[in-house]
């Protein structure tokens, strides 16, 4: 009886030791809401999921598709998901202005790939030429890049026409203007015989980061290790996707969204590399996911000058740098 009791105590001690070391710890469940339907621009996240990087970091991550009518700002503020991706700094500033305790924890893209696209036409050669003309944009754009276009180029809400993830109306109307991404939209137009004019925001003064990951302040405060694990795994996913074999991510993306053909996926991946969206600018020295106070302040000051936000607003509540700028994953390069 004594030996049995000793054995039980020894076994229990072993279980407790394993639990305290984290070996038996249950994986942390996280729902990450993407800013659009699954596509190759989300490659780093899908690579981290497909190759087991999230699991390796103790996470059980569900990637949720967004879309033209899904408001990621509202959903993350309401606590409907643990993490959410948004297109630009302005989304984070909007949450600060609304008093929602949510912060950006990493920027997957150093530049915004957002564009406006037209048919070839003589009356539109710059973004400024679009003032007063109908423009098809998604609901999510109204409180993000559209704010910048109104402030910088004098656009008005009367120009807005609804974009519902369908280029059919644009292709059928030679006077149409539609939102898009430089990484995929030109190809979609060219496949239908249209050689589009492309107006890339980041080449026209738009200083925002893009593909920004937001987390609630409560999660940042109570489980910083979970946030760090997600950021680190995602960064590793991006390096693996860009420098290694992207097949695991592309297969999972195609399975999730069959509209993403091999041709589109290859085109997107090339453009991500050509424009150095995930790994250019500050990411070259600080690592993928990099953000700086100076960059956040630059766009905030521009929006203050445009009277979008009050100068008294604390822009630093929109982000935290505690999880990035650590050169994580750079030494390993493409290693998952």
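Structural remarks
- The residues on offer are 333, 329, and the sole one that is at pLDDT below 95 and buried (at least 18 other Cβ atoms within 10 Å of the Cβ) is 329.
- Set 273, 297, 254: member being more than 23 Å from residue 230 (Cβ to Cβ), in contact (Cβ under 8 Å) with a residue 24 or more places away in the chain and not assigned by TED's automatic domain parsing to the domain that holds residue 183: 273
- Just one of (1) surrounded by 23 or more Cβ atoms within 10 Å (Cβ to Cβ); (2) not assigned by TED's automatic domain parsing to the domain that holds residue 310 fails for residue 119. It is (1).
- Of the helices (runs of 4 or more DSSP H) contained entirely in the range 77-175, those carrying at least 3 residues that are at pLDDT 95 or above, within 18 Å of the chain's Cα centre (by Cα) and within 30 Å of residue 224 (Cα to Cα) fall at 89-97.
The values are calculated or read from the model by the stated rules, or taken from the named source; none is laboratory data. Worth saying up front: this structure is predicted, and the values here are computed from it rather than measured. Please note: Cβ atoms are built from the backbone with ideal geometry, for glycine as well, and neighbour counts cover all protein chains shown.
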